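Undergrad: Please read through the structure below; I'll follow up with questions.
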Amino acid sequence: MKILVCISHVPDTTSKINFTDNGTKFDTNGVQFIIGPYDDYALARAIELKEAIAGTTVTVINVGLADTEPTIRKALAIGADDAIRVNAEPTDSFFVASQIAAHAKGYDLVLMGRESIDYNGGVVHAMVGELLGIPSLSPVMKLDVEGTNVKMAREIEGGKESVEAILPLVAGCQEPIAEWKIPNMRGIMSARTKPLMVVEASGNDKNVVTQKFELPAAKGAVKMISADNVAELVTRLKTEAKVL
Amino acid sequence: MSVLVFVETGEGKIRKSSLEAITYAHLMGSGVTAIVLGAVAQPELESLGKYGAQKVLHVVDSKLDQPVIQAYASVITKAMQDEGADVLVLANSSLGTPVAAKVAVKANASFASNVVELPSTSSGFVVKRSIYTGKAFSFVELKNQKKVIALKKNAAEAKEVGGGAQIVPYAVALNDADFSTKIMSTEKATGDILLPEAEIVVSGGRGMKGPEHWGILLDLAKALHAATGCSKPVSDLNWRPHHEHVGQTGVKVAPQLYIAIGISGAIQHLAGVNSSKCIVVINKDPDAPFFKAADYGIVGDAFDVLPKLTAAVNAMR
Ligand SMILES: Cc1cc2nc3c(=O)[nH]c(=O)nc-3n(C[C@H](O)[C@H](O)[C@H](O)COP(=O)(O)OP(=O)(O)OC[C@H]3O[C@@H](n4cnc5c(N)ncnc54)[C@H](O)[C@@H]3O)c2cc1C
């Protein structure tokens, strides 16, 4: 089985978000970049499938400029066999999806996170599936492969759905599909020599253009209420905050 | 310009988030057509008129009683064409968002999800999106003639504007290939208030000490007609079901009131709650980081404060 795992290169979840150049550019100052946490689940599940099903290979793909290579190498250290980097800025969902789709033909399973944690579009999987004419499901919290049959659990509001489909397919993953894997020393050493192919983007038709960024308004100071006077909280929520 | 709104139902009722989508489309100042798929009672369909829909396309086919994403996307794409609609508006959800994405590809439309405000059309068609998991916003121009907009909760407040809608049965030939993924079963809490749509959320963390203590939290939720949520370790430990997990890697909520009990306020948890209007934090540690993100705080033991709070809420009602 051939698995393609799509990874985003995103600010660590503890990052303070800031913009420069009059709110037009993301401020990378002091920001550490990681494999998107949801993509990390997808990668972990792909590696588990590779360990369980003989003859399985795992390729990772990232749409990003050269600064994403340490993130890609980390995915190789976790256990992917090889990698593709599409040399372009991942500006919007459709652009990223069309770049991935251009390389995803021939794979049985295309896995990625349910969303990237920078732009939170949450749709690249659905668009890749649509572009390839194969099913796509998200957010998938359980995925088992038996031959060409795939059994999945998909989270829905207030519960979950059991879904079955036939390969090939695309899945947007989330926990508890697998546990995040940490690269070991041998993985890190071998990742240095694993193939990382750099390709140019195909087409550049962007139908969405980001004009500027903005931070939310700062929150006021917290009002503390004594634990001996809980009723006051209820009164304040009703009369002051007007949320009851 | 005419706008098509995909309306979702749950347990035979129109979802509140879809009413917000209708209001949003109405406020865009154009003709609004709603499309509803699957069995739903006539009065529910008619109620859409009150929120601003002029026409409701109702697609009845037993194959669509299950929310099959691929098939829904095909039907809605066809309806956009037939209605001459340039814009599709719907609410972000586990069904709506993937449907929107597929329609956008099929219709060659510009797409934006997590949209939080009405578009500005003074120079191009620009929408404001929530990004970095609620930590920032972006303004994006949707350049194609056709546009698909998926709304975050509260992008518009559902509001009755009067008026009535014409209900039109809408028949579409379904394609078998769109049913290749099979929904085998659905497990869903019934009758509960859905967490992503709730106006009040009562959420517990590891400070609740174990699943056997959730009773006092559920009592408060019941008194407030609130949905219940939890932190990630709580669902990891199986104290609560996974769909209650709030935060960066879980559900993002945007209620009027979020009450956090025994949750430390890690940045990844805050990412899921930062769109709440009012946050109350109850924690026995005065230095818990969550207090910095709160509107109201009580330093105290959950096991002492919760029953008192429930009693106070019941006394007020
Ligand atoms: C990539 C990544 C993604 C993550 N995503 C999420 C996410 O989506 N959601 C999420 O929640 N976390 C997430 N986390 C985990 C997050 O970092 C924290 O570990 C987690 O939120 C802590 O949960 P908690 O507050 O319940 O537990 P703790 O941090 O253990 O806090 C328990 C709190 O309870 C208080 N307490 C104890 N006893 C009592 C009592 N009797 N009465 C009152 N208060 C009491 C304590 O003072 C403490 O503040 C993520 C982490 C990473 C690295």
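The values are calculated or read from the model by the stated rules, or taken from the named source; none is laboratory data. Note that the coordinates shown come from a computational prediction; the quantities given were computed from them, not determined experimentally. FYI the Cβ positions are ideal-geometry reconstructions off the backbone, even for glycines, and counts take in every protein chain you see. The accessibility values were calculated without ligands, DNA or RNA, using every heavy atom of the protein model including side chains. Shrake-Rupley method; radii C 1.70, N 1.55, O 1.52, S 1.80 Å.
Undergrad: In degrees from 0 to 90, rounded to the nearest 10, what is the angle of the helix A:69-78 Cα long axis to the longest principal axis of chain A?
TA: 70
Undergrad: Tell me which lysines have Cα within less than 28 Å of A:K194's Cα, excluding those fewer than 8 residues away on the same chain?
TA: Filter leaves A:K2, A:K50, A:K74, A:K105, A:K181.
Undergrad: I would also like to ask the following. Within 10 Å of each Cβ in peptide B:93-104, how many partner chain Cβ atoms are there on average? Round it to a whole number, please. Could the numbers behind the result be given before it?
TA: On the way: counts 2, 13, 2, 0, 7, 13, 1, 3, 15, 7, 2, 9.
Average neighbour count from other chains, rounded to a whole number: 6.
Undergrad: All other residues with a Cβ under 14 Å from the Cβ of B:V246 taken together, and with Lys, Arg as +1 and Asp, Glu as -1, what is their net charge?
TA: Working: positive: B:K153, B:R206, B:K232, B:R240, B:K252; negative: A:E155, A:E157, A:E175, B:E197, B:D236, B:E244.
With Lys, Arg at +1 and Asp, Glu at -1, the net is -1.
Undergrad: Ok, one more. Net charge near A:L131: determine it from the other residues with C-beta under 12 Å of the C-beta of A:L131, scoring Lys and Arg +1 and Asp and Glu -1.
TA: +2
Undergrad: Over chain B, with every protein chain in place, what whole percent of the accessible area is carbon and sulfur at 1.4 Å, could you tell me?
TA: Working: 6100 of 11880 Å².
Here carbon and sulfur together make up 51 percent of the probe-accessible area.
Undergrad: Using a 10 Å Cβ count of at most 16 others and DSSP loop calls, identify the longest part of chain A lacking such GluC sites (Glu not before Pro).
TA: Numbers: sites that count: A:E179, A:E240.
Answer from the scan: A:1-178.
Undergrad: Could you work out the local net charge near A:V208, counting Lys and Arg as +1, Asp and Glu as -1, over the other residues with Cβ closer than 12 Å to its Cβ? Walk me through the numbers on the way to the answer.
TA: Numbers: positive: A:K206, B:R129, B:K143, B:K147; negative: A:D92, A:D205, B:E141.
Charge balance in the 12 Å sphere: +1.
Undergrad: Okay, moving on. Length gain on complete extension for the stretch B:D61 to B:A39, per 0.36 nm per residue less the alpha carbon to alpha carbon distance? Don't jump to the answer; show the numbers that get you there.
TA: On the way: separation 22, 0.36 × 22 = 7.92 nm, distance 0.78 nm.
Result for the pair: 7.1 nm of gain on full extension.
Undergrad: Any residues in the stretch A:147-165 that have 10 Å² or more less accessible area with all protein chains than in their chain alone, probe 1.4 Å, and which are they?
TA: Output list: A:R154, A:E155, A:I156, A:E157, A:G158, A:G159, A:K160, A:E161, A:S162, A:V163, A:E164, A:A165.
Undergrad: What is the Cα centroid distance between the stretch B:170-244 and the stretch A:21-36, reported in whole angstrom?
TA: Here the answer is 33 Å between Cα centres.
Undergrad: Out of the GluC sites (Glu not before Pro) in the stretch B:1-31, which ones are loop residues according to DSSP with at most 15 other C-beta atoms within 10 Å? Let's see the in-between values first.
TA: Values: sites: B:E8, B:E11, B:E20; in loops: B:E8, B:E11.
In loop regions of the stretch B:1-31 (DSSP not H, G, I, E or B), the sparsely surrounded GluC sites (Glu not before Pro) are B:E11.
Undergrad: Next question, about the same structure. Rounded to the nearest 0.05, what FRET efficiency do A:E164 and B:Q81 give with R0 = 30 Å and r taken as the Cβ-Cβ distance? Could you check?
TA: Numbers: r = 31 Å, r/R0 = 1.04.
For A:E164 and B:Q81, the calculated efficiency is 0.45.
Undergrad: Now, a different point. For the stretch B:149-226, which GluC sites (Glu not before Pro) are both in a DSSP coil and crowded by at most 15 other Cβ atoms within 10 Å?
TA: Working: sites: B:E157, B:E160, B:E187, B:E197, B:E199, B:E212; in loops: B:E157, B:E160, B:E199.
Listed in order of number, the matching sites are B:E157, B:E160.
Undergrad: For the stretch A:11-61, run through the trypsin sites (Lys or Arg not before Pro) and keep only the ones in DSSP coil with at most 13 other Cβ atoms within 10 Å of their Cβ.
TA: Working: sites: A:K16, A:K25, A:R45, A:K50; in loops: A:K16.
Listed in order of number, the matching sites are A:K16.
Undergrad: Continuing with this model, one more query. How many angstrom separate the Cα center of the stretch A:161-226 from the Cα center of the stretch B:101-137?
TA: Answer, in whole Å: 19.
Undergrad: In addition: Using a simple spin-label model with points 7 Å from Cα along the Cα→Cβ vector, what separation in nm is obtained for A:E232 and B:F303?
TA: About 2.6 nm separates the two model spin labels.
Undergrad: While we're here: Tell me, what is the percent relative contact order of chain A, built from C-alpha pairs under 8 Å that lie six or more residues apart? Please list the in-between numbers first.
TA: Working: 467 pairs, mean separation 57.2, N = 244.
RCO, chain A: 23 percent.
Undergrad: Of B:K55/B:K252; A:K223/B:K16; B:K106/B:K128; A:K160/B:K277; A:K16/A:K223; A:K223/B:K50, which pairs sit farther than 30 Å apart, going by alpha carbon to alpha carbon? If you can, show how the numbers build up before the last one.
TA: Numbers: B:K55/B:K252 32 Å; A:K223/B:K16 32 Å; B:K106/B:K128 24 Å; A:K160/B:K277 28 Å; A:K16/A:K223 24 Å; A:K223/B:K50 40 Å.
Going by Cα-Cα distance, B:K55/B:K252; A:K223/B:K16; A:K223/B:K50 fall outside the 30 Å limit.
Undergrad: Next question, about the same structure. In Å², and per residue, what accessible area does chain A have when probed at 1.4 Å with the other protein chains present? Walk me through the numbers before you get to the answer.
TA: On the way: 10460 Å² over 244 residues.
Value for chain A: 43 Å² per residue.
Undergrad: Same structure, new question: To the nearest 0.05, what FRET efficiency results for A:D67 and B:V161 with a Förster distance of 56 Å applied to their C-beta separation? Before the final figure, lay out the partial values.
TA: Working: r = 50 Å, r/R0 = 0.89.
About 0.65, to the nearest 0.05.
Undergrad: With springs connecting C-alpha atoms under 10 Å apart, model chain A as a Gaussian network and identify which of A:M112, A:M224, A:M189 has the largest mean-square fluctuation.
TA: A:M224
Undergrad: Output the 0 to 90 degree angle, nearest 10, between the alpha-carbon long axis of helix A:37-52 and the longest principal axis computed from the alpha carbons of chain A.
TA: For helix A:37-52, the angle is close to 30 degrees.
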